[in-house]
Number of protein chains: 2
Amino acid sequence: MARVWHLTARPDGDLDPGIFTLEDVPDPPLGDDEVRIANSWLSVDPFMRGMLDDHGGYMPALPLGSPMQGGAVGTVIESRARDWPVGRKVLHNGGWRDVAVVAQAACEAIPDSAAPIQRYLGHLGMPGQTAYFGLLDAAAFRPDDLLFVSAAAGAVGSAVVQIARIKGATVIASAGGADKCAALRDWGASIAIDRNAPGTMREKLGAAVRGVGAEGISAFFDNVGGDHLDAAIQHARVGARFALCGMIGGYGRGDQLVLDQPMRLVARRLRIRGFAAPDYDDRWAEFHEDMLRWTLSGDLVSAETVHEGLAAVPAAFCALFTGGNLGKMLVRL
Amino acid sequence: MARVWHLTARPDGDLDPGIFTLEDVPDPPLGDDEVRIANSWLSVDPFMRGMLDDHGGYMPALPLGSPMQGGAVGTVIESRARDWPVGRKVLHNGGWRDVAVVAQAACEAIPDSAAPIQRYLGHLGMPGQTAYFGLLDAAAFRPDDLLFVSAAAGAVGSAVVQIARIKGATVIASAGGADKCAALRDWGASIAIDRNAPGTMREKLGAAVRGVGAEGISAFFDNVGGDHLDAAIQHARVGARFALCGMIGGYGRGDQLVLDQPMRLVARRLRIRGFAAPDYDDRWAEFHEDMLRWTLSGDLVSAETVHEGLAAVPAAFCALFTGGNLGKMLVRL
């Protein structure tokens, strides 16, 4: 039997781990080209919030009673796929379970390197791809940018801060709490904004911009929405580029965005772009080459917050939305 | 003496023509390279609203007591500029007055053609340039677009609808009232949305999109903001391009933009760009060549709403914000 987390209720207000139920599922025999994988690390990610509701619009709702999807890495323990022997380390999307049966075409071999395999759920996986292409393509990054990164202590934001630093930009980054702000500075942010500190985000971003001697930000990588997006519009230079990655401040909270003085969008000639990592799947190789090199050289460090055991998955997921992670949130089996 | 409209009070709530005062101003002798112009047509434009407030952020506030700026066309009646004889027709920005003294470098000769000279305040001038580059560059127009144009009966929108039709796109356009909607259809809109008709803009745009057999709009040229922008986000295809030109629905009305389900910006990978006509001044020639050709061939028609006499300028200006114009709003002296 495999043990699998299922979605058994829709969220109602604040996220509650009780909407997920752990169930035993028969372990089927393998079909042609399938492998059986013993998972060693499971991923929980903010984007998963989007499939829990049936009124969201961000992504299709997962039907109630379905097994949860998500990134996982593990080891092939049985194989009917010609090229993939037992023992091969793989990445797949059948997560939130201990054992998975997956078609070879639906998983990817993890390249041999000195990088820990769980990194393929973080900076060498989907969150890293999100950061890399969101910054370099969607935000049209330039080395002379003054970049603002929101929710910068998370898996995506922590990569954005460091890629921008490696490429020479000046970075202002926000997170919740003194410990996270210290990490942002370690990673290369010139100024870390504590969203829990007194004052509005607009005031705090204004002070940060003045603190680096600038008139405004030239680029923004947004994981939050709400007051962070409003503040960025307020303190943007003419022609500033905004990449919208997520709105963790707003998921499930009535989902309204209120912008003061929206004519600033016109007056400042802002360029605002929504994007998501899969838009760049055909450019995986260039992402992986850069990020693996920076990982192995130590230029890019990867913080991880690790929960232990399959039972911990729902709590780890819910903690993403209350600031419970520094860097990538993971569950180790 | 010249007779000149001055801004003598800030707007307070709805626009009131009483914030402008007509004053006699001494007519100075000409300096080197200056010309004296007898104006024949004055322009009133929505963007002028932005310089009346001292808290707006769209453009610098005009100090109280200053003469109003704005586009005007007229005839040189006295010249100390070598190349510009008496009788030359010129375009300048010293408007809201009967006679102006302007440096040659601050005005432009109107090319000889069969186009009426007041067209250089409309489709052959700043509003036309706004439409042309806003559509073709900021909205990254494609001939297979399903384009939505808001406030499409105005000087800018009427050009956007027709340029898009000339280039082969399908157009949905909005305006207020049956007469304006009839004009939109004459200009080539497949569906005209009456913003005064029952229902929300979201509902009406949804019906229009279904009416042309589409799943959503692929491009949006926005002159309104507010409910039009919200509706466009709701009914946008993945990757839709939005050019934000103005927000006539919101000027001076508390200036808040409320968007439901803002995660659609991410999910739909929207590309939203603020722009303004002066961004494209270095590409004037290509704009003028196309628009003059379409004007002379009759492919592009230019509606005009004409008020008579200098005394009518403030009322004409205020009527822009209550839907008082079909096409370009002008004052003839």
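Quick one: would you say A:VAL25 is farther than 20 Å from A:ALA319 by Cβ and buried (at least 16 other Cβ atoms within 10 Å of the Cβ)?
Values: farther than 20 Å from A:ALA319 by Cβ: yes; buried (at least 16 other Cβ atoms within 10 Å of the Cβ): no.
For A:VAL25, the condition - farther than 20 Å from A:ALA319 by Cβ and buried (at least 16 other Cβ atoms within 10 Å of the Cβ) - is not met.
Limited to region B:277-291, what total is found for residues that are surrounded by 21 or more Cβ atoms within 10 Å (Cβ to Cβ) and either free of Cβ contacts under 8 Å to residues at least 40 places away in the same chain or at the interface with chain A (Cβ under 7 Å from one of its Cβ atoms) (or both)?
Looking only at that region, the number is 0.
Of everything in region A:32-77 that's in a loop (DSSP other than H, G, I, E, B) and in contact with a His (Cβ under 9 Å, 6 or more places away or on another chain), which residue is surrounded by the fewest Cβ atoms within 10 Å (Cβ to Cβ)?
Top of the filtered list is A:GLY65.
Going by what's in this entry, would A:ARG269 be described as within 9 Å of chain B (Cβ to nearest Cβ), surrounded by fewer than 23 Cβ atoms within 10 Å (Cβ to Cβ) and assigned to a loop (DSSP other than H, G, I, E, B)?
yes
Confirm whether B:ILE248 is in a helix (DSSP H, G or I) and either more than 14 Å from chain A (Cβ to nearest Cβ) or buried (at least 18 other Cβ atoms within 10 Å of the Cβ) (or both).
It is false that B:ILE248 is in a helix (DSSP H, G or I) and either more than 14 Å from chain A (Cβ to nearest Cβ) or buried (at least 18 other Cβ atoms within 10 Å of the Cβ) (or both).
For B:ALA138, are the conditions met, namely being touching a residue at least 40 places away in the same chain (Cβ under 8 Å), among the hydrophobic types (A, V, I, L, M, F, W, C), crowded, with 24+ Cβ neighbours inside 10 Å and under 30 Å from B:SER297 (Cα atoms)?
yes
Got at least one residue in region B:221-241 being modelled with pLDDT under 95, surrounded by fewer than 20 Cβ atoms within 10 Å (Cβ to Cβ), out of contact with any Gly (no Cβ under 6 Å at 6 or more places or on another chain) and of a type in the set (Gly, Ala, Ser)?
No, region B:221-241 contains no residue that is modelled with pLDDT under 95, surrounded by fewer than 20 Cβ atoms within 10 Å (Cβ to Cβ), out of contact with any Gly (no Cβ under 6 Å at 6 or more places or on another chain) and of a type in the set (Gly, Ala, Ser).
Could you figure out which of (1) at the interface with chain A (Cβ under 10 Å from one of its Cβ atoms); (2) within 15 Å of the chain's Cα centre (by Cα); (3) of a type outside the set (Asp, Glu) isn't true of B:LYS328?
Unmet for B:LYS328, out of (1) at the interface with chain A (Cβ under 10 Å from one of its Cβ atoms); (2) within 15 Å of the chain's Cα centre (by Cα); (3) of a type outside the set (Asp, Glu): (1).
Of the residues B:ALA243, B:ALA219, B:ALA214, B:ALA285, only one is over 26 Å from A:MET48 (Cα atoms), out of contact with any strand residue (DSSP E or B) (no Cβ under 8 Å at 6 or more places or on another chain) and of a type in the set (A, V, I, L, M); which?
Result: B:ALA285 is the single residue among B:ALA243, B:ALA219, B:ALA214, B:ALA285 that is over 26 Å from A:MET48 (Cα atoms), out of contact with any strand residue (DSSP E or B) (no Cβ under 8 Å at 6 or more places or on another chain) and of a type in the set (A, V, I, L, M).
Which condition number does A:SER79 fail, the rest of (1) free of Cβ contacts under 8 Å to residues at least 60 places away in the same chain; (2) closer than 18 Å to A:TRP284 by Cα being met?
Every condition holds for A:SER79 apart from (2).
The values are calculated or read from the model by the stated rules, or taken from the named source; none is laboratory data. These figures come from a predicted structure and were not determined experimentally. Quick reminder, even Gly has a Cβ in these numbers, built from the backbone with ideal geometry, and neighbours come from all protein chains shown.
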